[in-house]
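Student: Before we start, here is the structure in question, set down as structure tokens.
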Amino acid sequence: MPRLTRSSVSALAAEVRMVHLGLGAFHRSHQAWYTQHASDSSPTPEGLATPGAGGSVPSGTEPWGIHGFTGRTARAAEQLTAQDGLYTLLTASPTAVTAEVIGSIVAATDGGDAVRWRAAVSDPRVSVLTLTITEAGYHTTPDGTLDLTDAAVRDDIARLKTGALPHTGIARLLDGLIARRAAGSGPLAVMSCDNLVSNGELTRAALTALAEQTDSSMADWMHEGVSFVSSMVDRITPATTPADVVEAQRITGFDDECPVMTEDFTEWIFEGDFPAGRPDWERSGARHVSDVRPYEQRKLRLLNGAHSLLAYTGLARGHSSIDQTMGDAFCRQVLEQFWAEARPTVTGDAGDLGAFTDRLVERFENRRIVHSLAQIARDGEQKIAIRVLPVLRFNAANGGELVGAAMALAAWINFTQTAASPTAADCDHSAERVLERIAPDLAGQTAVTHAVADALTEIRSSNRTKAAS
Ligand SMILES: NC(=O)c1ccc[n+]([C@@H]2O[C@H](COP(=O)([O-])OP(=O)(O)OC[C@H]3O[C@@H](n4cnc5c(N)ncnc54)[C@H](O)[C@@H]3O)[C@@H](O)[C@H]2O)c1
Ligand SMILES: O=P(O)(O)OC[C@@H](O)[C@@H](O)[C@H](O)[C@H](O)CO
């Protein structure tokens, strides 16, 4: 079977005008897909679809090439480099899977390669830098500011002072920008595509705080020449499995070590300026709006909040993927309760929220998307603060129900305490202590602590019932 490469599918490589940090599955199903389709005017043919960006597809706009950098390991860069950046995007509806070769990534490099990283960010032709470094990669406190007490941040401050390449995503971004300033390469838009509240503003504030610890003139330079774009990104994309590799080979006839499986729904809504231009992502269906917050709240609370709830309740009940939890009456009931509490917390106009959650049911039930609960459960403390606590806070302040959001929080506490088997009294104590740490404003509210303690008792008893059945 031939290896997937540019020569095997006659795909030309476009000029690099974008840099990405965090070359995971999601970047490849989302920003790389939008970038590829921003420059082709033809509809995607059936089956194996397009040549790479810059290939023979008629272009209404110039194609943009992406130079992607991995975050923690070099593996994705090695696999993509062996395929000239090409990979198969498998798109699964509940009834069928289609395949498309994506060619917008034209270079892929280990993020630990300081020379290539600095050269890429300094390239004057590059005008957009996107990020998917995970929520944990920003090293912020629950209020969204850079955590200067974090050992990794302190270590990176020392590295930045000596010119060594830092390790955290946020500090690596500052390192690249320092190189860009030194090269005099002009303005740039930085766009976070991570599941965070006001992710552009959070990135700007974290970078500025970091710059103030190392070279405060960088903060002034960023203020003048770097825009920070906030974006709501949505496309459920699990980690690639060996079965996906086999499926890609079966459909395309090419040997591809790093395909990506994703769902047939996608959305990208963003707010902010691009001082040096950007791809025409609207041609692929993205939307540029003046206020992204309603869409961000809708997605982070209704989709991601539900994901966290299902991950922790589902793991406790012996499930391993989201689609399995949708067949469990207990999970479905707490999901509907959580949504009933979360919908009124979305402020501003983000469309019909009932229709949004109806569509989420279909998306979560898609059995071709095997989204691992263990993957979703990672970095729970950062995620709960963004996805669940705002729902609890809103309803505590407005006399709303607390049951569903309390269950999400309790299920996470239960998940983090798997080693012990505390008594009911210990549970109540644990709920209070966790709230004191992650949401001190809620810790003193009896209705909240009781709701979380009750939910802890319920989830433990539901686990016992499930285990006994
Ligand atoms: N997968 C999805 O469905 C999805 C959807 C919307 C948004 N996102 C956002 O994208 C992020 C990445 O998702 P993914 O599915 O691509 O994950 P992934 O594990 O496939 O890739 C994550 C990438 O980020 C790097 N990374 C991880 N931790 C890092 C850190 N602390 N510092 C720097 N780099 C780090 C990894 O090395 C990798 O390159 C998510 O955390 C989320 O914020 C994902
Ligand atoms: O990617 P994370 O770790 O931020 O969160 C896990 C999932 O909730 C998330 O990936 C969703 O699938 C995604 O946000 C859907 O667009």
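The values are calculated or read from the model by the stated rules, or taken from the named source; none is laboratory data. Quick caveat: nothing in here was measured; it's all calculated off a predicted structure. Cβ sites come from the backbone with ideal geometry, for glycine too, and all protein chains shown count toward neighbours.
Student: Please list, ordered by first then second residue, the pairs with beta carbon atoms under 8 Å, 6 or more apart or interchain, first in the stretch 341-352 and over 14 Å from residue 398 (Cα atoms), second in a loop (DSSP other than H, G, I, E, B).
Tutor: These pairs meet every condition: 348/291.
Student: Another one. In the stretch 257-315, which residues are within 18 Å of the chain's Cα centre (by Cα), in a helix (DSSP H, G or I) and among the small types (Gly, Ala, Ser)?
Tutor: Within the stretch 257-315, 305, 306, 308, 311 qualify.
Student: Could you tell me whether any residue of the stretch 340-349 is more than 24 Å from residue 94 (Cβ to Cβ) and among the hydroxyl-bearing types (Ser, Thr, Tyr)?
Tutor: Yes, some residue in the stretch 340-349 is more than 24 Å from residue 94 (Cβ to Cβ) and among the hydroxyl-bearing types (Ser, Thr, Tyr).
Student: Could I ask something else about it? Applying the selection to the stretch 273-294, what residues are of a type in the set (Val, Ile, Thr) and without any contact (Cβ under 8 Å) to a residue 40 or more places away in the chain?
Tutor: Once the filter is applied, which keeps residues that are of a type in the set (Val, Ile, Thr) and without any contact (Cβ under 8 Å) to a residue 40 or more places away in the chain, the stretch 273-294 yields only 289.
Student: For the stretch 368-377, indicate whether the set of residues that are at pLDDT 95 or above and either away from ligand 1 (no atom under 16 Å from the Cβ) or of a type in the set (Asp, Glu) (or both) is non-empty.
Tutor: no
Student: Let me ask something else. Right, residue 100: in a helix (DSSP H, G or I) and either touching a strand residue (DSSP E or B) at 6+ places or on another chain (Cβ under 9 Å) or aliphatic (A, V, I, L, M) (or both) or not?
Tutor: Considered against the rule, which asks whether it is in a helix (DSSP H, G or I) and either touching a strand residue (DSSP E or B) at 6+ places or on another chain (Cβ under 9 Å) or aliphatic (A, V, I, L, M) (or both), residue 100 comes out as no.
Student: For the stretch 137-154, give me the residue count where each residue is more than 15 Å from ligand 1 (Cβ to nearest atom) and of a type in the set (A, V, I, L, M, F, W, C).
Tutor: Residues in the stretch 137-154 being more than 15 Å from ligand 1 (Cβ to nearest atom) and of a type in the set (A, V, I, L, M, F, W, C): 1 in total.
Student: Looking at the structure I just gave you, is residue 384 assigned to a helix (DSSP H, G or I) and within 14 Å of ligand 2 (Cβ to nearest atom)?
Tutor: Numbers: assigned to a helix (DSSP H, G or I): yes; within 14 Å of ligand 2 (Cβ to nearest atom): yes.
Yes, satisfied.
Student: Let me confirm something: among 252, 266, which residue is touching a residue at least 60 places away in the same chain (Cβ under 8 Å), over 25 Å from residue 350 (Cα atoms) and crowded, with 18+ Cβ neighbours inside 10 Å?
Tutor: Of 252, 266, the one residue that is touching a residue at least 60 places away in the same chain (Cβ under 8 Å), over 25 Å from residue 350 (Cα atoms) and crowded, with 18+ Cβ neighbours inside 10 Å is 252.
Student: Sort out for me the helices (runs of 4 or more DSSP H) sitting completely within the stretch 119-228 that have 1 or more residues that are farther than 19 Å from residue 19 by Cβ and over 18 Å from the mean Cα position of the chain (by Cα).
Tutor: 151-162, 199-214, 216-225
Student: Could you list all residues from the stretch 122-141 that are more than 16 Å from ligand 2 (Cβ to nearest atom), in contact (Cβ under 8 Å) with a residue 12 or more places away in the chain and of a type outside the set (A, V, I, L, M, F, W, C)?
Tutor: Residues satisfying the conditions are 122, 123, 124, 125, 127.
Student: Take residue 172 and decide whether it is away from ligand 2 (no atom under 16 Å from the Cβ), in the same structural domain as residue 234 (by TED's automatic domain parsing), under 29 Å from residue 380 (Cα atoms) and touching a Gly at 6+ places or on another chain (Cβ under 7 Å).
Tutor: Details: away from ligand 2 (no atom under 16 Å from the Cβ): yes; in the same structural domain as residue 234 (by TED's automatic domain parsing): yes; under 29 Å from residue 380 (Cα atoms): yes; touching a Gly at 6+ places or on another chain (Cβ under 7 Å): yes.
So residue 172 passes the test.
Student: Under the condition of being over 26 Å from residue 186 (Cα atoms) and either in contact with a Leu (Cβ under 7 Å, 6 or more places away or on another chain) or charged (D, E, K, R) (or both), which residue from the stretch 262-286 is farthest from ligand 1 (Cβ to nearest atom)?
Tutor: 283
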